Amino acid sequence: MLAMEYRGPKRVRAVQKPMPEIKHPQDAIVRVLRTCICGSDLHLYNGNVPDTRVGSTFGHEFIGEVVEIGSEVTKLKTGDRVIVPFNIACGECHFCRQGMFGNCHESNTEATAVGGIFGYSHTAGGYDGGQAEYARVPYANVGPTIIPEGMDLDDAVLLTDVVPTGYQAAEMAGIQPNDTVVVFGAGPVGIMAARCAWLFGAGRVIIIDKQDYRLEFARNYSYCEAYNFEEIGDPVVFIKKITDWMGADVVIDAVGAEAAGSAMQTITGRKLLLQAGSATAVHWAINSVKKGGVVSIVGVYGPTDNLIPIGNVLNKGLTIRANQASVKRLLPRLIEHIQNGTLNPKGLITHRIPLAEVADGYRMFSAKLDNCIKPVMIP
């Protein structure tokens, strides 16, 4: 089968790889119908995530048609078209029973923090991902959800990560009526988080980035204010100034490990790898939220450590909430939002790329060429 293969930092290609096989009675094999390049895939692509091994296939955002099932799979049949959450979850452990499918205690033998994730290095279990013609799906009675009849496949593929992660970013923030919400990062997740903030009653939504084309897209898609941090001076001072010097009620970090804006953070976190990525967005979030406010983090950082102003968290009395999105828990509500027209995920998609051109897709998305917001690959 044709599949993406990682060959080292900034080097990926499409190659022929062996077909996936059933390894456990609860496995399923799916023929991939849509798969995406995610902003967090760029952390792998750029070499910022430990134990990203040559030969790996990335891709934690994919949907597919079931072509084979293990002997213990009872909730799927061949021919079903399914949404495959990026979380790999057993459904039975202490955390899965609480709906924390991103924190499954059984699916990742390589770490004690995060659960298994498709195509996201051996720190997330070493599973091959869905940027391929076929993929193996473990725990097939738990994660895969049948795509509702009539749902556009482009909407469905964004339910694997982007929509749930953006929605949970707003949910974790505990937004109250008329709150001012600031989102750092105008990538697909940040744009979705800004859009979803309105669903929780926000009175004002502001997004901060440095790419003008992304900011313009965010204004139109998320109906929010949008500012270029290279044009407003210190973003922390700017946010305080436009909030009567109080700070935002809620700040969401939707950037993660490759944030720009601080030379020190860039050098230590992205160049020398002395910390788990550049924590610039976390600094800005902590320092620009009001006293007693909430910082919600969905931007991806690697394992090990980051330099953050924990003293300010204490002295300001902040609440910090962060997690990988529990996709399975959120799917029923998000499917309803799509069916009634409240959310339009496919509106984020700007590029459709054949799987054979995966190297060009990564280069375009990483370099922010051609006004790319969200690329979808079609095997």
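The values are calculated or read from the model by the stated rules, or taken from the named source; none is laboratory data. If you're wondering where the values come from, they're calculated on a predicted model, not measured in any experiment. Neighbour counts run over all protein chains shown; Cβ positions are idealised from the backbone, glycine included. Remember, those area values only see protein heavy atoms, side chains included, never the ligands or the DNA or RNA. Shrake-Rupley method; radii C 1.70, N 1.55, O 1.52, S 1.80 Å.
Details
- Applying the set (1) in contact with a Phe, Trp or Tyr (Cβ under 7 Å, 6 or more places away or on another chain); (2) surrounded by 15 or more Cβ atoms within 10 Å (Cβ to Cβ); (3) of a type outside the set (Gly, Ala, Ser) to ASN46 leaves exactly one unmet item: (1).
- Qualifying residue in region 64-84 (condition: open to solvent by 20 Å² or more (accessible area, probe 1.4 Å) and under 21 Å from THR165 (Cα atoms)): no
- Answer residue from region 111-127, given it is more than 18 Å from GLY47 (Cβ to Cβ) and in a loop (DSSP other than H, G, I, E, B) and is most open to solvent (accessible area, probe 1.4 Å) among those: THR112
- For region 183-197, the criterion of being modelled with pLDDT of 95 or more, open to solvent by 10 Å² or more (accessible area, probe 1.4 Å) and over 25 Å from LEU33 (Cα atoms) is met by at least one residue.
- Single residue of region 128-142 satisfying the filter (crowded, with 24+ Cβ neighbours inside 10 Å and touching a strand residue (DSSP E or B) at 6+ places or on another chain (Cβ under 6 Å)) that is farthest from PRO379 (Cα to Cα): ALA140
- Any chance SER288 is surrounded by 15 or more Cβ atoms within 10 Å (Cβ to Cβ) and under 17 Å from ALA193 (Cα atoms): no
- Only residues that are aliphatic (A, V, I, L, M) and surrounded by fewer than 24 Cβ atoms within 10 Å (Cβ to Cβ) were counted in region 236-256, giving 4.
- Residue-level check: of (1) touching a residue at least 24 places away in the same chain (Cβ under 8 Å); (2) among the β-branched types (Val, Ile, Thr); (3) farther than 19 Å from MET172 by Cα, ILE310 misses just (1).
- For region 163-181, the criterion of a residue being assigned to a strand (DSSP E or B), touching a residue at least 12 places away in the same chain (Cβ under 8 Å) and of a type in the set (Ser, Thr, Tyr) is satisfied by at least one position.
- Residues of region 275-307 satisfying the condition of being among the polar types (S, T, N, Q) and in contact (Cβ under 8 Å) with a residue 60 or more places away in the chain: SER288, SER296, THR304
- Lone qualifier among PHE95, PHE62 - being more than 19 Å from MET377 (Cα to Cα) and of a type in the set (Phe, Trp, Tyr): PHE95
- Considering LYS328, LYS368, the condition of being surrounded by fewer than 17 Cβ atoms within 10 Å (Cβ to Cβ) and touching a residue at least 12 places away in the same chain (Cβ under 8 Å) is satisfied by LYS368 alone.
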